[in-house]
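All remarks here apply to the structure that follows.
The values are calculated or read from the model by the stated rules, or taken from the named source; none is laboratory data. For clarity, every value in this text was computed on a predicted model and none was experimentally measured. Please note: Cβ atoms are built from the backbone with ideal geometry, for glycine as well, and neighbour counts cover all protein chains shown.
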Amino acid sequence: MSVTKRFNRDWLINQIKLNSVAIVSLLTAIFGFTYNTWSAHQNEVNQNMRVASFEVLKNLGELQTVVNYAHYAEDKSRGHPIDGWKHATMVRDLSRLLTPEAAKEGQVLFVEWERDWEKLESDDQSESRLSAQITKTRQAVLSTIDRLE
């Protein structure tokens, strides 16, 4: 007989039978730990998206207020178009944390704002385009919130 023993199949099966509880316990612990880690990560992602969504909605409301006061009331204390930049920028930046659809709409809103903010007080088309894009962005963000678990 050689120094190296041949593989003994019966011995392996016997060891598995004798240690089956330990093996099942180990597999259960590994699975539980893996699931727990995944679940914690998913909860954090959802929480971050939820907070970002609410912040985007808040900024969209404030941007709509700037648009309305600048165009309809011509009230520079409440609706100065320069104040809209901070809201448009915040929407663009935070919407990137959401779904691709919301990120796209946030970017489009920023581009629309960049194009129309100077004409907002006097041009009905500028107000219409901005208000419509604010609504589209809001819908994309609300859709993101609806999809969260």
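To keep it simple, each residue is scored yes or no on (1) in contact with a helix residue (DSSP H, G or I) (Cβ under 7 Å, 6 or more places away or on another chain); (2) outside any helix (DSSP H, G or I); (3) aromatic (Phe, Trp, Tyr); (4) within 17 Å of residue 131 (Cα to Cα).
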| residue | (1), (2), (3), (4) |
| --- | --- |
| 15 | no, no, no, no |
| 29 | no, no, no, no |
| 36 | no, no, no, no |
| 88 | yes, no, no, yes |
| 103 | yes, no, no, no |
Looking only at region 71-84, which residues are modelled with pLDDT of 85 or more and either under 22 Å from the mean Cα position of the chain (by Cα) or outside any helix (DSSP H, G or I) (or both)? 80
Picked from region 139-149 (must be surrounded by fewer than 20 Cβ atoms within 10 Å (Cβ to Cβ) and out of contact with any Lys or Arg (no Cβ under 9 Å at 6 or more places or on another chain)), the residue farthest from residue 75 (Cα to Cα) is 149
Counted residues in region 90-131 being more than 22 Å from the chain's Cα centre (by Cα) and small (Gly, Ala, Ser) come to 4
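Which of the following residues is buried (at least 16 other Cβ atoms within 10 Å of the Cβ), within 26 Å of the chain's Cα centre (by Cα), at pLDDT 90 or above and under 24 Å from residue 142 (Cα atoms): 51, 66?
None of the other options fit; the residue is 66.
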Could you list all residues from region 125-149 that are among the acidic types (Asp, Glu), touching a residue at least 24 places away in the same chain (Cβ under 8 Å) and part of a helix (DSSP H, G or I)? 127
Show the residue pairs that are 6+ apart or on different chains and have beta-carbon atoms under 9 Å apart, the first residue being within region 35-63 and at negative phi, the second being surrounded by 11 or more Cβ atoms within 10 Å (Cβ to Cβ) and of a type in the set (Phe, Trp, Tyr). 63/113
